[in-house]
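The values are calculated or read from the model by the stated rules, or taken from the named source; none is laboratory data. Just so it is clear, the model here is predicted, and its values are computed rather than measured. Cβ coordinates were reconstructed from backbone atoms using ideal geometry, including for glycine residues, and neighbour counts include every protein chain displayed.
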Amino acid sequence: MKKLLTLSFNDFRLIMREQILIVLLLLIPLLNFLVLKYGVPALALRFPIIIEYYALILGFVGIQTATVMGYVFGSVALDEKDEDMLTAIRVTPLPSYMYLAYRILFPFLLTLMMIFVILQFAAPIDLFWWQTFLIAFLFALPVPIIILLTALIATNKIEGLTVFKGINGILLLPIAAFFIQPGWGNLFGIIPTHWSYQFTNAIGTGKPFALYLLLALGLHLFFIFVLVLLFKRKIF
């Protein structure tokens with residue numbers, strides 16, 4: 001536990017020394033909350049058609065919160081590479097699996113909590129708490145993927161920002177499935193968030209959602225598993 005607390009302290013030390021990361025960590029979730037709580041209902045009064053896309057908006061808010069958190073902690077992982085902390089970790093008693101578990105679980109749980117709070121208290125549609133939790137859980141799952149991909153591909157902060165922009169665009173791409181002919185949308189099925197959006201839409205419209213939940217969960221976990229193996233092979 002002491003080792004994990006040390007890692008947590010180091011994470012926030014690295015975040016606090018860069019203002020942009022502090023702003024992203026604190027301001028973006030707050031803005032997402034305010035937009036969902038007040039902006040979306042106000043906009044719906046003027047453009048009622050937006051009500052039909054409330055569930056999709058929940059997914060958009062969820063993934064934007066997740067990608068920002070992924071970028072913040074992906075930047076932390078790059079700082080650790082720059083400071084050669086990973087080399088130091090390899091020669092300490094801290095097992096590599098414990099470091100990896102911390103590196104992906106801590107940001108995931110923090111993101112899960114943020115998305116849950118935002119949706120629970122700001123969602124413009126009525127949801128049971130467990131529905132909110134499942135939506136938050138699915139949209140927090142890309143965080144480990146973003147962190148691991150950033151650490152694997154990028155060698156510095158500039159490259160990390162480029163990688164982040166690319167990942168963010170890919171994760172948002174399946175939203176297009178709701179605006180094209182039925183059936184064609186499944187072409188986005190290789191992207192894990194496609195099934196998360198479909199799950200959220202099914203929840204919001206009262207349709208069966210179990211299959212979407214299983215597909216979203218399975219595909220996210222598959223990518224995380226592969227990336228963990230690649231990370232261990234390349235870094236450790």
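Values for this structure:
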read-out	value
Residues of the stretch 191-236 that turn out to be of a type in the set (Lys, Arg), over 24 Å from PHE128 (Cβ atoms) and without any contact (Cβ under 8 Å) to a residue 12 or more places away in the chain, as a count	1
Pick from the stretch 125-139, criterion over 13 Å from GLY62 (Cα atoms) and among the aliphatic types (A, V, I, L, M), ranking: surrounded by the fewest Cβ atoms within 10 Å (Cβ to Cβ)	ILE125
Any hit, the stretch 159-170, residues being among the aliphatic types (A, V, I, L, M), over 20 Å from VAL61 (Cβ atoms) and surrounded by fewer than 24 Cβ atoms within 10 Å (Cβ to Cβ)	yes
Scope the stretch 37-56; condition within 18 Å of PHE133 (Cα to Cα) and either of a type in the set (Gly, Ala, Ser) or crowded, with 22+ Cβ neighbours inside 10 Å (or both); matching residues	ALA55
ILE146, sole failed condition from (1) over 21 Å from LEU211 (Cβ atoms); (2) surrounded by fewer than 24 Cβ atoms within 10 Å (Cβ to Cβ); (3) among the hydrophobic types (A, V, I, L, M, F, W, C)	(2)
Single residue of the stretch 9-68 satisfying the filter (over 30 Å from ILE104 (Cα atoms) and not aliphatic (A, V, I, L, M)) that is nearest to the chain's Cα centre (by Cα)	TYR53
Filter result for the condition that a residue is at pLDDT 90 or above, out of contact with any strand residue (DSSP E or B) (no Cβ under 8 Å at 6 or more places or on another chain) and small (Gly, Ala, Ser), over ALA154, ALA177, ALA101, ALA123	ALA123
Residues (closer than 18 Å to GLU52 by Cβ and surrounded by fewer than 24 Cβ atoms within 10 Å (Cβ to Cβ)) located in the stretch 175-203	ILE175, ALA176, ALA177, PHE178, PHE179, ILE180, GLN181, PRO182, GLY185, ASN201, ALA202, ILE203
Hey, ILE235 in contact with a Leu (Cβ under 9 Å, 6 or more places away or on another chain), modelled with pLDDT under 95, exposed (fewer than 14 other Cβ atoms within 10 Å of the Cβ) and among the β-branched types (Val, Ile, Thr) or not	no
Output for the stretch 167-210, where each listed residue is over 21 Å from the mean Cα position of the chain (by Cα), more than 22 Å from LEU127 (Cβ to Cβ) and of a type outside the set (Val, Ile, Thr)	PHE179, GLN181, PRO182, GLY183, TRP184, GLY185, ASN186, LEU187
LEU138 being touching a helix residue (DSSP H, G or I) at 6+ places or on another chain (Cβ under 8 Å) and not in a helix (DSSP H, G or I)	no
Matching option when the condition is under 18 Å from GLY189 (Cα atoms), out of contact with any helix residue (DSSP H, G or I) (no Cβ under 8 Å at 6 or more places or on another chain) and outside any loop (DSSP other than H, G, I, E, B), among ILE145, ILE170, ILE158	ILE170
